[in-house]
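Read the structure below first, then the notes.
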Amino acid sequence: MERLHKIIPLLAVLVMTLTTACLAAEGGEGGGRQIWDMVWRIVNFLILIAILWKLLADKIKSYFSDRRFEIAEMIDTADKARSDAEKQFADYQEKLKNIDRDIQEIRDSIMGELEGEKQRIIEEGKIVAERIIEQAKWSAEQEILKAKNSLRNQVVDMAGDIASGLVASSMTPEDQKRLIEEYLEKVGKEH
């Protein structure tokens, strides 16, 4: 508002100067009406500007002030986003620089795990092989025992057959009778 008070007198002096210059140029006759018409138009225009300034000055100032604040916030947000993006870009570049080393570390780790797994499988295989060998030995021993028992039974059966054949061939009918009588006496005494 203070500026308006400074501008109005300057504008009034300007209008009067223009009016005087126009009157001098026209010679003061017939052209005076056109000059006054132009002066009034300029004055009306200045009054319209003054009224609009009075009514809209605060809103315009507020709009531009708010807009300045919004633009400042947008610039700050953009600067922050740019800074974050640059930091993220730098992080990614650093990771890319170290990617070969990271890949080698992963490869070494996997190879170490594979070697450990290989050793574990070999140890388990040795243990299983030892169990299989022990079980095979035990099974072989059992088969040998069965074979011995079977052979012993066959020998006993053969010996019995041979003995019964010898006894039968060497026994006379009188020996047979005597054996039967002894057996019957023995059975009779027990009952």
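Every number here is computed from the coordinates shown, using simple stated rules; none is lab data. Keep in mind that this is a model prediction, so the values were computed, not measured. When we count neighbours, we look across all protein chains shown, and the Cβ atoms used for this are built from the backbone with ideal geometry, even at glycine.
One table, with the values for the structure above:
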item	result
Student exercise, the chain dipole from Lys, Arg, Asp, Glu Cβ charges, in Debye to nearest 20	1560
Identified option (computed volume of the Cα convex hull per residue in Å³; candidates [x] 110; [y] 152; [z] 470)	[z]
Cβ-defined net charge surrounding GLU123, 15 Å radius [Lys, Arg +1; Asp, Glu -1]	0
Relative frequency of Cα-Cα separations exceeding 15 Å in the range 108-173, percent	74
Over the chain: helical MRE at 222 nm, DSSP H runs n ≥ 4 each giving -39500 (n - 2.57), nearest 500	-35500 deg cm²/dmol
Top positive-direction residue, dipole computed over the chain with Cβ charges, set ASN44, ASN149, VAL187	ASN44
